[in-house]
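Worksheet for the structure shown next.
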Amino acid sequence: MLREVKLLAALELKNLFGLNTLRHTKDKGKKRMGVVLGVVWVMLIVMIFGYVGGLVWGLVTLGLESIVGAYLAAIASMIIFAFGIFKAGGTIFNLGNYDVLCSFPVRSSTIVVSRFARMYAEDLLMTLLVLLPGGGVYAFLVRPGLLFYPVWILVALVIPLLPLSVATLFGTAVTALSSRMKHKALVESVLTIGFVLVILVGTSGFGTAAPELTPEMLQNVAGIVTELLGKIYPPAAWLGETMTGGSVVGFALTAAVSAAVFAVVAALAAKNFHAVCRRMNTTSARHDYRMKKLNSSHLLLALCRREFKRYFASGIYVTNTIMGPLMGTLLAGAVFFGGVDTLSETMGLPIDIAPLIPFLVGGAFSIMPPSAVSVSMEGRNWWIVKTLPLSTKQILDAKLLLSLGLIAPFYVAAEVLLMLALKPVGLDLLRVILVPGTIILFACTAGISANLLIPRFDWDSEVTIVKQSASAGIGGFAGMLAAVAGGVTVALVPGHLGCGVFCLAFLGVTALLYLRNIRTDLRKL
């Protein structure tokens, strides 16, 4: 079995992040785009290294070096769980090569473990992005013994196991339950979103549960932070003690718990693997169909209906693109129920955030708009779309309206909450309405631009496009970058003038991107 797992895992890892395709392709355009993406990834890695290194530098400078390990373990685990909860089910029960694997003389447990190995490799890379800069700064400032370095590596190998196992357990349960139902994708989306909301609401009280710090308590702040991390996520505290204190007990305990959870998850997934895959690959059809009156509709309306059907047919597509609107609405609700001052204290910002609230809400709404992957989601059926007697404008307008139509109800709800909370009048009212709307419109349009620039149609799993494609990353950050630019603009040009300059500038950029999009020759994609 080990040999089979090794072979299948090697196949899973061959084209991790599309490296194998980039290596063997003869398309110079793809190679140039790969170089560009490589530069972007290097810039992101430098930013992450700078952030983590700065965090560790600050903790050590304040004399809190004993909690560095726990902090880094908690950050890495949180990132792994946040990403894994949306992709675990789709990766384990990927139907892309299911027919081929079924013809092989391998057990279902072998397939599950090999796919788990791929997810572990991806999560280990994310863990190293956190631990390498943090460990480097810690070692430079604290000068620990030689034993610190192998221990740090061993801890890095253990950190991804537990959050990945829990995320996979949830993904397996959701996929197994939804596969038994008629509307599989919709049920999967509702279960995943509901679980995430429960986590957000359940953990929202931890920030206010901590006692108010006094000068006397600052002397014991390391113990307070360790206690809080122990309540939220005990393995982070255990591994933190291992990294900074050399505790063998914490490492052994975490490794044992992680191995036990992984064994349970792998056994459950392997037991239900073929049954779940078969149910996911089946559709229900009525046999008493009768031809009835045919209705005609406007072309754009028909195209929008098609886009919405495609959208709600994919659970991974829905769950990853609906979280932004949900977070934007929750943020507006926090302003309404808690007030601006409470939100400012929760975020730990020493400034008045009232002028920045529209930018924060707009940035939250714009996280991963559907338009960022709407073209690539056509997959191998793209040839049908681009050969239809339709113009580029008609096709792309439907994809843009999909994103705007999905965000619109949440945007209206958030605006009502903000107006009740802030009670704006005059120009303040325009600012609260126009700033988030401008960011949303720009993000949706920029998402299509990114997807047209870096399309991908040769995917086997929707996870590849929604979670791992370059257009998803670039399009998903466009709105957030716009929100940051708006905050900088307001800081440089205070008052309503700054908001006006921001809205005019980004509406102009949006118009230019839209014109460029509709002039694209889709036949060349």
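The values are calculated or read from the model by the stated rules, or taken from the named source; none is laboratory data. These numbers were taken from a predicted model, which means no experiment stands behind them. Because the Cβ atoms are built from the backbone with ideal geometry, glycine has one as well, and the counts that use them run over all protein chains shown. Note: areas computed on protein heavy atoms with side chains; ligands, DNA, RNA excluded. Shrake-Rupley method; radii C 1.70, N 1.55, O 1.52, S 1.80 Å.
Annotations
- Simple spin-label estimate for Ala252 and Leu301 in nanometres, 7 Å along Cα-Cβ: 7.1
- Normalising by residue count, the range 405-525 has a Cα convex hull of 124 Å³ per residue.
- Taking the average, over residues, of other Cβ atoms within 10 Å as the packing measure, peptides 512-522, 435-445 rank 435-445, 512-522 from highest down.
- Backbone N within the range 450-476 under 20 Å of label point (7 Å from Trp383 Cα along the Cβ vector): 455-461
- Per-residue SASA remark: His298, around 130 Å² accessible (1.4 Å probe; ligands, DNA and RNA not included).
- For Trp238, solvent-accessible area (1.4 Å; no DNA, RNA or ligand), Å²: 70
- Per-residue 3J(HN,Hα) values for the range 503-510, derived from phi via the Karplus relation 6.51 cos²θ - 1.76 cosθ + 1.60 with θ = phi - 60°, read 5, 5, 5, 6, 5, x, 4, 4 Hz in sequence order (x marks Gly and Pro).
- When the pairs Lys28/Lys524; Lys31/Lys309; Lys26/Lys524; Lys87/Lys393; Lys309/Lys386; Lys31/Lys524 are compared against a 24 Å limit on Cα-Cα distance, Lys31/Lys309; Lys87/Lys393 fall above it.
- FRET efficiency, Ile232 to Arg32 (Cβ-Cβ, R0 45 Å, nearest 0.05): 0.50
- Considering only Trp383, Phe410, Ala398, and ranking their Cα positions along the charge dipole of the range 360-435 that arises from unit charges at the beta-carbon of Lys, Arg, Asp and Glu, the one farthest toward the positive end is Trp383.
- Protection-proxy order for peptides 111-119, 400-408, each taking the mean of Cβ atoms within 10 Å per residue, highest first: 111-119, 400-408
- The protection proxy used here, the mean number of other Cβ atoms lying within 10 Å of each residue, ranks peptides 143-150, 472-479 as follows, highest first: 472-479, 143-150.
- Around Pro144: net Lys/Arg minus Asp/Glu count, Cβ-Cβ under 15 Å: -1
- Karplus-based coupling profile of the range 336-341, in residue order and whole Hz: 5, 7, x, x, 5, 5, with θ = phi - 60° in 6.51 cos²θ - 1.76 cosθ + 1.60 and x standing for Gly or Pro.
- Extension gain for Lys393-Leu492 works out to 31.9 nm (0.36 nm per residue, less the C-alpha to C-alpha distance).
- Other-chain or far-sequence residues with amide H under 5 Å of Arg107's (modelled H): none
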